[in-house]
Amino acid sequence: MAIPDGMKWCPQCDEVKPKDDFARAKAKASGLHAYCLPCHNKRSAEAKQRLYGGNREYHLRRRYGMTQEDFEALLAWQGGGCAICGAPDPEHVDHDHEFGNVRGILCFNCNGGLGQFKDNEQSLARAIEYLKETACQRVLVHPGVYQLVSPRRERRLSRTS
């Protein structure tokens with residue numbers, strides 16, 4: 001079968017498709033995967049299911065070197081909730097970005113928060129101090145009348161004070 005320029009044959013679906021329908025592969029002489037993207041994705045999903053029991057198990061093993069059972073055991077060890085805030089049913093594996101060591105299981109918000117600070121302990125400590133310093137406090141203005149005041153901000157008097 002003659003294949004026109006700019007086209008490639010997919011052995012899975014037995015169709016000739018444009019080369020743009022094939023993923024790039026540096027290791028291949030042609031620079032493209034053998035199977036078109038839909039077939040490649042289907043074969044990949046089938047292999048993950050066959051070899052690992054599913055996409056989640058594949059992800060845990062490849063990224064963190066742990067199984068779903070390891071995940072469940074770590075979650076049970078930390079009490080069944082997020083290691084930081086205690087929220088139920090956390091799903092995110094927290095790991096040290098320098099060495100890749102797993103530290104715990106976190107909820108979406110706590111994992112994202114640590115990620116935003118890029119594991120920088122000094123930045124996190126400054127953020128904690130900032131929260132402590134700027135926490136609003138109730139100040140008695142008149143008997144039975146309180147005003148919320150932030151210790152970091154200058155207290156402004158009202159026009160009637």
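The values are calculated or read from the model by the stated rules, or taken from the named source; none is laboratory data. Only a predicted model underlies this, so the values are computations on that prediction, with no experimental measurement involved. Ideal geometry is used to build each Cβ from the backbone, glycine not excepted, and the neighbour counts take in all protein chains shown.
Listed residues Ile128, Ile84; which is free of Cβ contacts under 8 Å to residues at least 40 places away in the same chain and surrounded by 12 or more Cβ atoms within 10 Å (Cβ to Cβ)? First the steps, then the outcome.
Working: Ile128 fails: surrounded by 12 or more Cβ atoms within 10 Å (Cβ to Cβ).
Matching residue, one of Ile128, Ile84: Ile84.
Please state which one of Leu51, Leu74 is aliphatic (A, V, I, L, M) and in contact (Cβ under 8 Å) with a residue 24 or more places away in the chain. Steps first, answer last, please.
Numbers: Leu51 fails: in contact (Cβ under 8 Å) with a residue 24 or more places away in the chain.
Sole residue among the options that is aliphatic (A, V, I, L, M) and in contact (Cβ under 8 Å) with a residue 24 or more places away in the chain: Leu74.
What do you reckon, is Asn111 exposed (fewer than 12 other Cβ atoms within 10 Å of the Cβ), modelled with pLDDT of 90 or more, in contact with a His (Cβ under 7 Å, 6 or more places away or on another chain) and under 30 Å from Arg61 (Cα atoms)?
Numbers: exposed (fewer than 12 other Cβ atoms within 10 Å of the Cβ): no; modelled with pLDDT of 90 or more: yes; in contact with a His (Cβ under 7 Å, 6 or more places away or on another chain): yes; under 30 Å from Arg61 (Cα atoms): yes.
So Asn111 does not fit the description; no.
All but one of (1) under 25 Å from Val102 (Cβ atoms); (2) modelled with pLDDT of 90 or more; (3) of a type in the set (Gly, Ala, Ser) hold for Gly54, so report the exception by its number.
(2)
Can you pull out the helices (runs of 4 or more DSSP H) entirely within region 30-138 that have at least 2 residues that are touching a Leu at 6+ places or on another chain (Cβ under 9 Å) and closer than 30 Å to Asp20 by Cα?
Values: elements: 37-52, 55-59, 68-77, 108-116, 121-134.
Hits in region 30-138: none.
Checking the structure you have, find out if any residue of region 91-104 is of a type in the set (S, T, N, Q), modelled with pLDDT of 95 or more and either closer than 24 Å to Glu57 by Cβ or in contact with a helix residue (DSSP H, G or I) (Cβ under 9 Å, 6 or more places away or on another chain) (or both). Give the derivation first.
In the first step, residues of region 91-104 are kept if they are of a type in the set (S, T, N, Q); the result is 101.
After this cut, where a residue has to be modelled with pLDDT of 95 or more as well, the list is none.
Taking every residue of region 91-104 in turn, none turns out to be of a type in the set (S, T, N, Q), modelled with pLDDT of 95 or more and either closer than 24 Å to Glu57 by Cβ or in contact with a helix residue (DSSP H, G or I) (Cβ under 9 Å, 6 or more places away or on another chain) (or both).
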